[in-house]
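Reading through the structure tokens given below for one structure.
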Amino acid sequence: MPTLSARGLAVPPSPIRKLVPLADAAKARGVKVFHLNIGQPDIETPAVMRDALRSFDEKVVAYSPSGGTDALRRTLLDYYAGIGVTLSPDQLLVTTGGSEAIHFGMAAAMDPGDVILVPDPMYANYISLAAVLGVTIVPVPTRVEDGYRLPLDWEPYLTPKVKGVLLCNPSNPTGAVYSADELQAVVDFVIRHDLYLFADEVYREFVYEGPLPPSLLTV
């Protein structure tokens, strides 16, 4: 029978999803399960969104523009303007989630054999996104004893193969919110060595103590 490609075989299964059937089996046995394996907030979906879905009455659901509808892009422009970032419509590309955006960005910016630096512990699916492209993730270790703070000196991690840095702020899975000094150190390192910077800010507004972290677009 035909075999999978080398690329397909190189992609590891998601450890997040790997635990789901085990958790489901435990729940079926009456065990109380606390899901720490998946980022599913218990925050109620906004009523305006639920109402919009219920009232949707288009008879034909047509393809939308590849970059996103004009209305959505204008809304995103307004959102970023509200946090001090001025963008133009041609700087926006709407995707079906943050993971797809990161995957597309890596595919456009990086070649097989390139290296991307990622603070560790990291979102486990970054590894799969990179592996399918032949990109190597090199972890930048952080320590629980230090509150998972980022290094202020990134130079020890630089090699000729390093092409970019991927930063999730606030961090998934540690919850660390990086300071202005930490973010500035990353930005300075990236600019100094002409690298790509991938910013995963999907949790930027999930902050329960202190101010929201700045977007890397404002650093």
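The values are calculated or read from the model by the stated rules, or taken from the named source; none is laboratory data. All of these numbers come straight from a predicted model, not from anything done at the bench. Quick reminder, even Gly has a Cβ in these numbers, built from the backbone with ideal geometry, and neighbours come from all protein chains shown.
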Exercise. So which residues in segment 118-176 are basic (Lys, Arg) and closer than 19 Å to VAL190 by Cβ, if there are any at all?
Worked result: ARG149, LYS161, LYS163
For this session: Exactly one condition in (1) buried (at least 19 other Cβ atoms within 10 Å of the Cβ); (2) touching a Phe, Trp or Tyr at 6+ places or on another chain (Cβ under 7 Å) is not met by VAL138; state its number.
Result: (1)
Exercise. How many of the residues in segment 131-188 are aromatic (Phe, Trp, Tyr), over 16 Å from the mean Cα position of the chain (by Cα) and closer than 28 Å to PRO41 by Cα?
Worked result: 1
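Going by the conditions given, is SER128 of a type in the set (Gly, Ala, Ser), part of a loop (DSSP other than H, G, I, E, B), out of contact with any strand residue (DSSP E or B) (no Cβ under 6 Å at 6 or more places or on another chain) and touching a residue at least 24 places away in the same chain (Cβ under 8 Å)?
No; evaluated as a whole, the condition is false for this residue.
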Problem set entry | Residue within segment 158-178 that is out of contact with any Cys (no Cβ under 7 Å at 6 or more places or on another chain) and part of a helix (DSSP H, G or I) present | no
Exercise. Any idea which of VAL11, VAL60, VAL20 is at pLDDT below 95, touching a helix residue (DSSP H, G or I) at 6+ places or on another chain (Cβ under 6 Å) and on the phi < 0 side of the Ramachandran plot?
Worked result: VAL11
Exercise. Within segment 114-125, restricting attention to residues that are in contact with a Pro (Cβ under 8 Å, 6 or more places away or on another chain), without any contact (Cβ under 8 Å) to a residue 60 or more places away in the chain and in a loop (DSSP other than H, G, I, E, B), which residue is surrounded by the fewest Cβ atoms within 10 Å (Cβ to Cβ)?
Worked result: PRO121
For this session: For segment 16-44, enumerate the residues that are assigned to a helix (DSSP H, G or I) and surrounded by 10 or more Cβ atoms within 10 Å (Cβ to Cβ).
Result: ILE16, ARG17, LYS18, VAL20, LEU22, ALA23, ASP24, ALA25, ALA26, LYS27
Exercise. Does PRO156 satisfy the criteria of being under 26 Å from ALA108 (Cβ atoms), modelled with pLDDT of 95 or more and not basic (Lys, Arg)?
Worked result: no
Seminar exercise, completed: Output for Cβ contacts, cut-off 7 Å, separation at least six or different chains, first residue free of Cβ contacts under 8 Å to residues at least 40 places away in the same chain and of a type in the set (Val, Ile, Thr) in segment 93-113, second surrounded by 13 or more Cβ atoms within 10 Å (Cβ to Cβ) and assigned to a loop (DSSP other than H, G, I, E, B), reads VAL94/GLY67; VAL94/GLY68
Exercise. Does segment 97-104 contain any residue that is over 23 Å from SER215 (Cα atoms) and loosely packed, with under 11 Cβ neighbours inside 10 Å?
Worked result: no
